[in-house]
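*Asks:* Quick one: the structure is below, and I'll ask about it shortly.
Read-outs throughout are calculated quantities, based only on the coordinates presented, and are distinct from any laboratory measurement. Please read all numbers here as calculations on a predicted model, not as lab measurements. Cβ: placed from backbone, ideal geometry, glycine included. Neighbour counts: every protein chain shown.
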Amino acid sequence: MTLALFKGLLTRLRRVASIVPDQPVTRGIEGVTCHFSDLVRLHQPASELLFKRFPRSAASISGEIRSLFRGQGMEFCESRVYQQGDDVRTMDWRVTARTTVPHVKVFQDEKERPVFLLVDQSPSMHFGSRRQFKSVQASKVAALLGWAGVELGDKVGGGVIRPDRIFEIKPLLGDKSILTLFKNMAFETPFRRAPEPGQGTTNAESELLSNAVPVDRTLEEGIRRVSQRARRGSLVFVISDFYGFDESTERALFELHKGRDVVLILVSDPIEKQILPAGQYQVSNGIDALALNYADENTRRKPYLEFFTRKQTLQTFCQQYRLRFMEVSTEQNELDALQVGILAMATGNSASKTNTKVKTNTKTRAHKSPVIRKANG
């Protein structure tokens, strides 16, 4: 894409000139890097996701995603003594039992439902054997959800977890905050170090970006920081491979879930779901390459066992605390992946236990810098 065409696309977005600096557009390896313009272009597919009615579905995907973003449409205000003519369906049975006096719940219109998108771009996310890296798929799925929130008139914000810092973007109406979020989700190389706040950013961005401290960051900390910002009633998407998911991460998610609607989106790759046959495999980070000799059976089984153990742990956690869960794969188109995931949540299949039984004593690995892989066999 030429610079002129790129500028033409951006000028059709409100306030984009204050968000995106005037600079040449470079392209990296397809599926390995994530570009701002690619995320902007997902605005139209997000509109289709909201307004198109899809055949052969009990409830249209557009209706399900609207329900997901809108919640119940009402929020609890208070309990008061029952008065003649009150709808008995609003009875507050707990207060009634405690006081022995009939009470009803009083609701008010839900004025807004802020949407938070927490996107994990830790080293383990820069991995892929089909179509694209997990980090690229996570950014695209987040972009679709973000644009959907904008179309529905919600305040959209979020955070991006990188190895050296966590970027936080305040939820705002319109596209100002989401474009800033996109810029921080985009990357030209898998391990590109993000600029310091205020360096290489516009004044508008500096106002939206919170303090970013250049130290090693984790998914747990990202979740805790969203908990501090997201008010009760917010809709929070956590998009990650949940590599290194442990008890401390569970506690952070439990706190986040209090009074908020939380959706966990597990990003996976097909190579994690199979035991590779013995042989040599090419490994590359897009620049350098080396060959790995996968001869030992235990070594070949380890990634497979770890993935399904982690997935089962996530699903069990979601079932226990009533969080929503969906899985997207790097081999899927981002729009197709979201459609399938939303329908799975609507039919109650998203957090069901996997049919694959994994018997292993393997513990979840500590968070390490991953090898970025592109399988050739």
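*Asks:* Just grab the label-to-label distance for Glu48 and Ser284, each label 7 Å out from Cα along the Cβ direction, in nm (one decimal).
*Replies:* Placing both labels 7 Å along Cα→Cβ, they lie 3.0 nm apart.
*Asks:* A follow-up question, please. Using only C-alpha atoms and all pairs of different ones, pull out the Kirkwood radius for segment 109-170 in Å with one decimal. If you can, show how the numbers build up before the last one.
*Replies:* Values: mean 1/r = 0.0786 Å⁻¹.
Mean inverse Cα-Cα distance, inverted, gives 12.7 Å.
*Asks:* With the calculation restricted to Cα positions, what are the radius of gyration and Dmax of segment 241-288 in angstrom?
*Replies:* My reading of the Cα-based Rg and Dmax gives 16.9, 50 Å.
*Asks:* So for the pair Arg130, Asp87, with labels modelled 7 Å out along Cα→Cβ, what separation do we get in nm?
*Replies:* Distance between the two pseudo-spin positions: 4.5 nm.
*Asks:* With a sphere of radius 14 Å drawn around the Cβ of Leu117, what net charge do the other residues whose Cβ falls strictly inside it have (Lys, Arg +1; Asp, Glu -1)? Kindly include the intermediate steps, with their values, before the conclusion.
*Replies:* Numbers: positive: Arg113, Lys140, Lys155, Lys170, Lys183, Arg225, Arg229, Arg260; negative: Asp120, Asp154, Glu168, Asp175, Asp261, Glu334.
Local net charge: +2.
*Asks:* Express in nm, to one decimal, how much length is gained between Thr96 and Glu297 on full extension, taking 0.36 nm for each residue of separation and deducting their alpha carbon distance.
*Replies:* Numbers: separation 201, 0.36 × 201 = 72.36 nm, distance 6.20 nm.
Length gained between Thr96 and Glu297: 66.2 nm.
*Asks:* With r as the distance between the Cβ atoms of Glu78 and Leu172 and R0 = 35 Å, compute the FRET efficiency 1/(1 + (r/R0)^6) and round to 0.05. Let's see the in-between values first.
*Replies:* On the way: r = 30 Å, r/R0 = 0.85.
Working from the Cβ atoms, E equals 0.75.
*Asks:* If you take the beta carbon distance between Val106 and Gln228 as r and set R0 to 51 Å, what does 1/(1 + (r/R0)^6) give as a FRET efficiency, to the nearest 0.05? List each step's numbers first, then the result.
*Replies:* Working: r = 29 Å, r/R0 = 0.57.
It comes to 0.95.
*Asks:* Report, largest value first, the span of the C-alpha coordinates of segment 287-348 along each principal axis, in whole Å.
*Replies:* Projected onto its principal axes, the Cα set of segment 287-348 covers 43, 28, 17 Å.
*Asks:* Then there's this: List, in the order given, every pair from Lys170/Lys302; Lys134/Lys302; Lys170/Lys273; Lys176/Lys311; Lys155/Lys183; Lys105/Lys170 whose Cα-Cα distance in the structure shown is over 28 Å.
*Replies:* Details: Lys170/Lys302 40 Å; Lys134/Lys302 19 Å; Lys170/Lys273 36 Å; Lys176/Lys311 35 Å; Lys155/Lys183 18 Å; Lys105/Lys170 32 Å.
Violating the 28 Å Cα-Cα cut-off are Lys170/Lys302; Lys170/Lys273; Lys176/Lys311; Lys105/Lys170.
*Asks:* Counting only residues 5 or more places away or on other chains, whose amide H sits under 5 Å from the amide H of His103 once H atoms are built in the peptide plane?
*Replies:* Sorted by chain and number, the residues that satisfy this are Tyr82, Asp92, Thr96.
*Asks:* Using a Förster distance of 30 angstrom, determine the FRET efficiency expected from the C-beta separation of Ile275 and Thr313, and round it to 0.05.
*Replies:* On the way: r = 20 Å, r/R0 = 0.66.
Once the sixth-power term is evaluated, E becomes 0.90.
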